[in-house]
Amino acid sequence: MLDLWVGLFVCAGIGALLVLALKVGNMSGFSVADTYQLYANFDNIGGLKPRAPVKSAGVVVGRVAEITFNNDRFTARVALRIEKNYKFPKDTTASILTSGLLGEQYIGLEGGGDDKMLAQDETIKLTQSAVVLEKLISQFLYSKAAEGDSKK
């Protein structure tokens, strides 16, 4: 009887580790809901990864399906899988945002006012690339150095 309880405890522990691994790997967000695919082009995606959430008003409405490089425009082309029950106007803006100061990156969608909705395989025209922390710091240091030189 003791062997049975130990076995059940070990199985529960393995199950808990599996749930934790899926949560950390951002794979728990998979759903069986029908989706449609949209595209967005960004000059810089920062640390955005496939399976990153796509949010609108703080609600997860989809996931990043794929990230490729567009050789013609020299930009990153991001494929978004949006759940079918969420519709967005054609003038929607897609931005790469960060959860907290150093958190994970995700795509934020902000709906516009157009009457026509985005459909399967359409591209979001208005995009805002990721803010790269290193670039901001170097710009700040460069401006401070230039400010110091002008005082002499």
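The values are calculated or read from the model by the stated rules, or taken from the named source; none is laboratory data. Everything numeric in this text was worked out from a predicted model, so none of it was measured. Neighbour counts are summed over all protein chains in view; Cβ atoms, including those assigned to glycine, are modelled from backbone coordinates with ideal geometry. Quick note on the areas: whole protein, heavy atoms, side chains included, nothing else; ligands and nucleic acids left out. Shrake-Rupley method; radii C 1.70, N 1.55, O 1.52, S 1.80 Å.
Before we move on, is G112 in contact with a Lys or Arg (Cβ under 9 Å, 6 or more places away or on another chain), open to solvent by less than 50 Å² (accessible area, probe 1.4 Å) and not in a strand (DSSP E or B)? So G112 fits the description; yes. Listed by first and then second residue, the pairs with beta-carbon distance under 6 Å, at least 6 apart or on different chains, first residue in the range 117-144 and within 19 Å of K90 (Cα to Cα), second among the acidic types (D, E), are S129/D43. For the range 34-45, name all the residues that are open to solvent by 50 Å² or more (accessible area, probe 1.4 Å) and at pLDDT 95 or above. Once the filter is applied, which keeps residues that are open to solvent by 50 Å² or more (accessible area, probe 1.4 Å) and at pLDDT 95 or above, the range 34-45 yields nothing. Within the range 115-141, how many residues are outside any loop (DSSP other than H, G, I, E, B), exposed (fewer than 14 other Cβ atoms within 10 Å of the Cβ) and among the hydrophobic types (A, V, I, L, M, F, W, C)? So the answer is 7. Against the condition at pLDDT 95 or above and open to solvent by less than 90 Å² (accessible area, probe 1.4 Å), how does L48 come out, does it pass? The answer is no for L48. With respect to the conditions (1) in a loop (DSSP other than H, G, I, E, B); (2) of a type outside the set (D, E); (3) open to solvent by less than 30 Å² (accessible area, probe 1.4 Å), I82 falls short on a single one, namely (1).
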